[in-house]
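Take a look at the structure below.
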Amino acid sequence: MHVVVIRRELVRRRGLARAVYDAFGRAKELAERRYLDGAVKQHMGLITPWFSALFEENRRLLGDDWWPYGVAANRRAVDTFLRYHHEQGLSKRRLTCEDIFVPELLDT
């Protein structure tokens, strides 16, 4: 859905990319917990009466990890995007995940 970018000169700071990734991961966990806690209460804190039904349907369709983070979980989508990028002439060569992601995050 989204890609977080860190300037090249900043990514050289040891551990920065991992710290940013971990921070987003923690935020994701908090958001997921809020949604799941709301499901137990039929999402009473929301004014959308059909939200709980939509929430359950989405979980059935998308599974428990409906916002997959990390290169590993999204490699197929990223590779497809990079192929289209090259086929449409937007890059001189076909890039790979290894070309665009920080090595320390390739196994995430």
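The values are calculated or read from the model by the stated rules, or taken from the named source; none is laboratory data. Quick caveat, the model's predicted, so the values are computed rather than measured. The accessibility values were calculated without ligands, DNA or RNA, using every heavy atom of the protein model including side chains. Shrake-Rupley method; radii C 1.70, N 1.55, O 1.52, S 1.80 Å.
Tabulated data for the structure shown
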{"read-out": "Isotropically averaged projected area of the stretch 26-103, using the convex hull of Cα atoms (one quarter of hull area), nm²", "value": "7.4 nm²"}
{"read-out": "The chain, accessible surface, carbon-and-sulfur percent (1.4 angstrom probe)", "value": "57 percent"}
